[in-house]
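S.K.: To start, I am sharing the structure in question, which I have written as structure tokens.
The values are calculated or read from the model by the stated rules, or taken from the named source; none is laboratory data. It should be emphasised that the depicted structure is a prediction, and the values quoted were computed from it without experimental measurement. Here the Cβ is made from the backbone with ideal geometry for all residues, glycine too, and neighbour counts use every protein chain on show. Surface accessibility is based on the protein's heavy atoms, side chains included, excluding ligands, DNA and RNA. Shrake-Rupley method; radii C 1.70, N 1.55, O 1.52, S 1.80 Å.
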Amino acid sequence: DAGVSWEESQGVPSSFAGKILLARSESSPEVLYASVGNGFWFDDGFTWLLKSTNNGQSFITVNQTDYSRWQGWFYHDVSIHPENENEVIAIGIDIHKSTDGGLNLIQKSSGGVELGDIPVLGPDGPPFYSHSDHHFVRHHPEIEDLVIFGNDGGVFLSFDRGETFRSANAGLQTTQFYNGFSASNNDENLALGGLQDNSTSIFQGSEAWRRAVGGDGSWTAINPINDNIFYASSQNLRIARTNNGGASFSNRSPNLTGDEPLFIAPFVISKINPSVLYAAGKYLYKTFNDGDDWLRLNNQQMLNGDPIFALDVAELDDDVIYAGTAPEDHPAALMVSTNGGNSFTEVSPLGNQIVNDISVFPNSPEKAIAVYSGFDNPHVFLTEDYGLTWNDITNNLPLVPTNAVIINPYNEDEIYVGNDLGVYYTNNGGQSWEPYQIGLPSAAIVLDLKISTANNKLWAATHGFGTYRVDLETQPVSNSNEDLTSVNIYPNPTSGIVNIEGMPNNVEVELFNNLGQKLTNKTILNQLDLSNLETGLYFISLSLPGTNQKITKTIIKQ
């Protein structure tokens with residue numbers, strides 16, 4: 001009677017923790033199937049496949065194969081062939097099929113994540129492969145043998161009624177990136193980021209991104225002086241390193257005994273000493289040798305007992321660390337260390353709101369910007385004294401969750417933020433903001449922003465729209481026709497003399513050690529002698545007076 005009154009169907013389990021999905025037969029409309037899921041976690045999975053032959057007045061359980069498993073609360077589904085009420089496909093983690101009214105369910109797919117160079121036009125894997133975690137299934141109403149699936153890998157098709165499968169995602173830009181995206185400053189065609197349930201995806205100049213480090217991709221990092229070395233991770237701070245440009249990876253995770261990192265947990269690399277990385281669970285970890293060994297910082301104590309969600313380290317002084325915690329047992333907090341993580345001071349500018357991202361100014365370790373979640377509160381704060389005081393620079397930004405912040409190294413008054421509506425920028429240090437939505441879809445949730453100085457592009461990693469890149473608003477400029485893009489410094493590594501070739505006139509040269517200490521005053525020269533210096537990392541800074549042009553090159557002294 002059009003919903004005026006209802007009667008409860010009989011035969012449905014009296015208690016279950018998940019949800020029910022229904023399918024009705026086109027050839028026999030009185031026949032319905034119900035997929036009932038129970039699972040909320042790995043040890044409580046259970047699934048009932050029910051069948052009704054009287055328009056749903058009563059059901060019988062025809063199968064208890066646990067195809068929804070621990071995701072009975074989230075995803076599973078059932079579909080009936082339009083011309084055969086006994087041919088049923090039931091989906092959950094994998095795909096199951098029955099030709100006898102559900103009495104026997106046979107698994108037809110094998111999931112997981114296919115790694116390597118996946119062609120744009122697919123298929124993603126062999127004929128039995130369909131990405132794990134299926135949410136949707138329908139038999140096509142007019143094309144007899146076609147079945148359509150929606151899963152955590154996108155759209156998959158079967159052209160033989162659920163016997164074999166292939167992906168159909170070319171042009172479907174729905175990839176969900178997490179924060180922790182990376183872009184090389186040396187190679188415009190190298191970037192990588194972690195994806196929801198689709199591993200780490202590596203851009204190497206073509207439309208076919210390489211998949212590596214399976215599971216849920218998480219944070220990433222690229223060695224600033226050697227693009228063959230970069231890092232990826234999967235859930236709960238499982239870090240992996242490649243030394244060969246992504247051809248292979250090896251585990252470089254900290255010892256997490258007694259720790260409980262977030263599902264998507266942060267780690268960052270030092271730009272002044274790329275052998276140093278910081279990684280964060282409830283403890284903060286540091287490595288001095290590319291992840292081979294890790295130390296627990298802060299006197300081996302947690303920062304405040306909650307997991308760390310946001311993390312950044314100063315470019316010129318990697319003893320300056322900012323960390324934001326997620327509120328599990330305590331209010332969310334923002335903390336700073338100026339002694340390499342030996343101790344931390346809470347500096348939260350916005351009470352217990354969650355810090356989504358932190359960015360330290362490239363040339364000013366004492367300056368940083370923190371951005372916040374939430375709706376009605378301010379979202380963007382600036383410190384110029386290591387967090388002792390903060391200024392609210394939200395001003396005319398929309399009051400929506402703000403997820404990412406990055407500072408233009410050529411113009412530190414130019415700041416970009418990514419929020420739940422897109423990208424915004426300021427060229428006056430946050431006094432006013434403007435949309436920077438060039439090429440973006442409307443209302444894109446931007447989870448991370450990165451700048452590549454290899455081609456002066458801003459990357460935006462989004463939740464559900466993939467990635468985009470665009471020119472920075474301010475590019476390096478010169479008052480003359482000269483620039484620093486063609487400068488070549490060699491040999492590197494070196495045991496003594498370093499040659500600086502291709503310099504314009506009047507370039508100022510400074511040499512720093514890996515502690516950020518200046519070893520030379522500004523001078524104009526085309527050769528440096530490092531023979532009397534200790535082995536290690538050094539930095540040559542080149543700047544062109546009267547312009548915004550400045551580059552820093554890392555040199556290894558043998």
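S.K.: Which of (1) more than 27 Å from Glu142 (Cβ to Cβ); (2) open to solvent by less than 20 Å² (accessible area, probe 1.4 Å); (3) among the β-branched types (Val, Ile, Thr) is the odd one out, the single condition Ile91 does not satisfy?
M.R.: With (1) more than 27 Å from Glu142 (Cβ to Cβ); (2) open to solvent by less than 20 Å² (accessible area, probe 1.4 Å); (3) among the β-branched types (Val, Ile, Thr) applied to Ile91, the lone miss is (1).
S.K.: Out of all the residues in the stretch 145-157, is one or more closer than 30 Å to Tyr468 by Cβ, in a loop (DSSP other than H, G, I, E, B) and of a type in the set (A, V, I, L, M)?
M.R.: At the first step, the residues of the stretch 145-157 found to be closer than 30 Å to Tyr468 by Cβ are 148-157.
Still in the running and in a loop (DSSP other than H, G, I, E, B): 152-153.
Next, only the ones that are of a type in the set (A, V, I, L, M) stay: none.
Taking every residue of the stretch 145-157 in turn, none turns out to be closer than 30 Å to Tyr468 by Cβ, in a loop (DSSP other than H, G, I, E, B) and of a type in the set (A, V, I, L, M).
S.K.: Still on this structure: Touching a residue at least 40 places away in the same chain (Cβ under 8 Å), surrounded by 12 or more Cβ atoms within 10 Å (Cβ to Cβ), in a loop (DSSP other than H, G, I, E, B) and not charged (D, E, K, R), is that true of Gly39? First the steps, then the outcome.
M.R.: Numbers: touching a residue at least 40 places away in the same chain (Cβ under 8 Å): no; surrounded by 12 or more Cβ atoms within 10 Å (Cβ to Cβ): yes; in a loop (DSSP other than H, G, I, E, B): yes; not charged (D, E, K, R): yes.
Answer is no for this residue.
S.K.: Mind checking which residues of the stretch 366-396 are open to solvent by less than 20 Å² (accessible area, probe 1.4 Å) and not in a loop (DSSP other than H, G, I, E, B)?
M.R.: Within the stretch 366-396, Ala368, Ile369, Ala370, Val371, Tyr372, Val380, Phe381, Thr383 meet the criteria.
S.K.: Follow-up question, since we're still on this one. Kindly indicate the residue of the stretch 212-235 that is in a loop (DSSP other than H, G, I, E, B) and crowded, with 19+ Cβ neighbours inside 10 Å and also modelled with the lowest pLDDT among those meeting that condition. Steps first, answer last, please.
M.R.: Filtering the stretch 212-235 down to residues in a loop (DSSP other than H, G, I, E, B) leaves 213-215, 218-220, 223-229, 235.
Retained after the next criterion (residues that are crowded, with 19+ Cβ neighbours inside 10 Å): 213, 218-220, 223-224, 229.
On the way: Val213: 94, Ser218: 97, Trp219: 98, Thr220: 98, Asn223: 94, Pro224: 90, Ile229: 96.
My answer is Pro224.
S.K.: Conditions first: (1) outside any strand (DSSP E or B); (2) surrounded by 22 or more Cβ atoms within 10 Å (Cβ to Cβ); (3) polar (S, T, N, Q). Thr174 passes all but one, so which condition is the exception?
M.R.: Status for Thr174: all satisfied but (2).
S.K.: Is it the case, given these coordinates, that Trp209 is open to solvent by 30 Å² or more (accessible area, probe 1.4 Å) and either modelled with pLDDT under 95 or under 26 Å from Gln196 (Cβ atoms) (or both)? Working first, answer last.
M.R.: On the way: open to solvent by 30 Å² or more (accessible area, probe 1.4 Å): yes; either modelled with pLDDT under 95 or under 26 Å from Gln196 (Cβ atoms) (or both): yes.
In short, yes.
S.K.: Return the pairs, sorted by first residue and then second, in which the second residue is open to solvent by 20 Å² or more (accessible area, probe 1.4 Å), the first residue lies in the stretch 397-414 and is of a type in the set (Ser, Thr, Tyr), the beta carbons are less than 6 Å apart, and the residues are 6+ apart or on different chains.
M.R.: Once the first residue is of a type in the set (Ser, Thr, Tyr) and sits in the stretch 397-414, its partners that are open to solvent by 20 Å² or more (accessible area, probe 1.4 Å) give Tyr410/Thr474; Tyr410/Pro476; Tyr410/Asn548.
S.K.: Take the conditions of a type outside the set (D, E, K, R) and open to solvent by less than 50 Å² (accessible area, probe 1.4 Å) and apply them to Asn104. Does it pass? Show your work before the answer.
M.R.: On the way: of a type outside the set (D, E, K, R): yes; open to solvent by less than 50 Å² (accessible area, probe 1.4 Å): no.
When the stated conditions are applied, Asn104 does not pass them.
S.K.: Right, another one. Residues that are assigned to a strand (DSSP E or B) and touching a helix residue (DSSP H, G or I) at 6+ places or on another chain (Cβ under 7 Å): does the stretch 239-251 have at least one?
M.R.: There is no residue in the stretch 239-251 that is assigned to a strand (DSSP E or B) and touching a helix residue (DSSP H, G or I) at 6+ places or on another chain (Cβ under 7 Å).
S.K.: How about the stretch 422-464: which of its residues are surrounded by 20 or more Cβ atoms within 10 Å (Cβ to Cβ), in contact with a Ser or Thr (Cβ under 7 Å, 6 or more places away or on another chain) and in a loop (DSSP other than H, G, I, E, B)?
M.R.: Result: Trp433, Ala444.
Here's the yes/no breakdown for (1) buried (at least 21 other Cβ atoms within 10 Å of the Cβ); (2) at pLDDT below 95; (3) hydroxyl-bearing (Ser, Thr, Tyr):
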{"position": "Glu26", "(1), (2), (3)": "no, no, no"}
{"position": "Asn55", "(1), (2), (3)": "no, no, no"}
{"position": "Glu85", "(1), (2), (3)": "yes, no, no"}
{"position": "Ile95", "(1), (2), (3)": "yes, no, no"}
{"position": "Gly116", "(1), (2), (3)": "no, yes, no"}
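S.K.: Just name the residue that is nearest to Trp6 (Cα to Cα) out of those in the stretch 42-55 that are more than 44 Å from the chain's Cα centre (by Cα) and part of a loop (DSSP other than H, G, I, E, B). Can you show your working first?
M.R.: Just the residues of the stretch 42-55 that are more than 44 Å from the chain's Cα centre (by Cα), to begin with: 52-55.
Still in the running and part of a loop (DSSP other than H, G, I, E, B): 53-55.
Working: Thr53: 18, Asn54: 15, Asn55: 13 Å.
Among those residues, the one meeting the criterion is Asn55.
S.K.: Quick one: how many residues across the stretch 426-443 are within 19 Å of Asn363 (Cα to Cα) and either among the charged types (D, E, K, R) or touching a strand residue (DSSP E or B) at 6+ places or on another chain (Cβ under 9 Å) (or both)?
M.R.: Keep residues of the stretch 426-443 that are within 19 Å of Asn363 (Cα to Cα), which gives 426-430.
Now drop any that are not either among the charged types (D, E, K, R) or touching a strand residue (DSSP E or B) at 6+ places or on another chain (Cβ under 9 Å) (or both), which leaves 426-427, 429-430.
Residues flagged as within 19 Å of Asn363 (Cα to Cα) and either among the charged types (D, E, K, R) or touching a strand residue (DSSP E or B) at 6+ places or on another chain (Cβ under 9 Å) (or both) within the stretch 426-443 amount to 4.
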